[in-house]
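Working notes, beginning with the structure itself.
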Amino acid sequence: MKFLRNPEVSRTVLVYVLVSAAAVGTAFSWEWKFGWFTLTFALILLLVYLAGAFLRYRQIARLSADIDRILHGNDPQISLQQYAEGELCILQNEIYKMTVRLREQKQRLQDDKTYLADSIADISHQIRTPLTSINLLVQLLREPNLTEERKLQLTRELLEMLTRIDWLITALLKISKLDAGTVQFQKQVLPLEELLQKAVEPLLVPVELHGQTLEIRAEGNFTGDVAWTCEAVGNIVKNCMEHTPELGSITVNAVENPLYTEIKIADTGSGIRQEDLPHIFERFYKGKDSDDKSFGIGLALARMIVTGQNGTIKAENGAERGALFTLRFYKGVV
């Protein structure tokens, strides 16, 4: 019998036989009837033990086979509920937890592979578009009869395309760091007015060129990572600038209270389409009103930065017109 190969079972049987032999020998020395009774009783107890050990060994062997099928994916829907009774109950509970965890990890790995494949396809598409334009511009620059004015125009367009690719790669690297969890957000205290001025400083010239006005009103302090938060706020302001017509305005209001720091960014543009609202923070998503120069990752990056600092971000249409973005950085766990 295979279960007798188990060292624990074989040792127990050996000890039991030795003790029983001593007991039977002692009983026979007293009286032969008592000796036969002791021998019969010892054999019955031995058979009961062997039967219980055999059933337990068979159940353990079945459990081992089920675990092997689970680990190798041959039967992922197998149930371990049959082991819920008896002394294997604790072992069953732990194995069931392990099985659930393994299935979750397997599904997570599969989702990560799918997400990675989709991301690579999206990145390839996003980079291919400006590269195609660059290739056309280079071919035009090779024309021998171009005027100096035309060459300057093509050169400016080429520089713009290269700048867009550089910005895209930089943004993708930042997103990959946030995805990998390698970013350690710092805790710094800075007046909200100074934070917002830092965030919009790179956009002051483009805003002026668009004939727009940018107004900042802030009270209180901000506690968090200044550099990354400036990146998030700047991306949102840039999005508002791109969707606000000439002579329009962008307003940034920020306040601090005992629970959170709130930043509201509003514009006087056309607002956000209702069908775009649920997807506006998705990576590479571009609304119907977006121009061809948009990559659709600025708002996604902003969301990752805000949520990574125990914050929330919401996009909606303003009470009168335009889009309204609300950022909240909570001072405690929500």
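The values are calculated or read from the model by the stated rules, or taken from the named source; none is laboratory data. This structure is a prediction, so every number in the text was calculated from the model and none was measured. Here the Cβ is made from the backbone with ideal geometry for all residues, glycine too, and neighbour counts use every protein chain on show. Ligands, DNA and RNA are excluded from the accessible area calculation, which covers all protein heavy atoms including side chains. Shrake-Rupley method; radii C 1.70, N 1.55, O 1.52, S 1.80 Å.
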(Q) For region 2-62, what does the convex hull of the Cα positions come to per residue, in cubic angstrom? (A) 55
Q: Return the long-range amide H neighbours of Ile297 (sequence gap of 5 or more, or a different chain), with a cut-off of under 5 Å between placed amide H atoms.
A: Phe284
(Q) Give me the extension gain from Arg321 to Asn257: residue separation times 0.36 nm, minus the current Cα-Cα distance, reported in nm with one decimal. (A) 20.3 nm
Q.
Ordering Phe325, Phe37, Phe281, Phe28 by accessible area with a probe of 1.4 Å, largest first, what comes out?
A. Phe37, Phe28, Phe281, Phe325
(Q) For the ranges 236-244, 220-228, 140-148, 172-180, what's the packing order if you count other beta-carbon atoms within 10 Å of each residue, average per peptide, and put the highest first? (A) 236-244, 220-228, 172-180, 140-148
**Q.** Extended-chain gain in nm, criterion 0.36 nm per residue less alpha-carbon gap, Asn221 and Leu159
**A.** 18.4 nm
Q. How far apart, in nm, are two points set 7 Å out from the Cα along the Cα-to-Cβ line at Ala22 and at Thr170?
A. 8.5
(Q) Give me the tail of P(r) for region 195-244 as a percent: Cα-Cα pairs with distance above 14 Å. (A) 51
(Q) Taking θ = phi - 60°, what integer Hz values does the Karplus form 6.51 cos²θ - 1.76 cosθ + 1.60 yield along region 254-265, in sequence order, with x for Gly and Pro? (A) 9, 9, 10, 9, x, 9, 7, 10, 10, 10, 10, 10
Q) What does region 202-334 give for Rg and for Dmax, in Å, if only its C-alpha atoms count? A) 14.3, 42
Q. Counting only residues 5 or more places away or on other chains, whose amide H sits under 5 Å from the amide H of Phe222 once H atoms are built in the peptide plane?
A. Leu190, Leu192
Q: Compute the semi-axes of the equivalent ellipsoid of region 152-230, taking the square root of 5 times each eigenvalue of the Cα gyration tensor, and list them largest first in whole Å.
A: 29, 23, 7
(Q) Need one number: nm distance between label points at Thr132 and Thr114, each 7 Å from Cα along Cα→Cβ, rounded to one decimal. (A) 2.8
Q. For Arg58 and Trp30 in one chain, what is 0.36 nm times their gap in residues minus the Cα-Cα distance, to one decimal in nm?
A. 6.0 nm
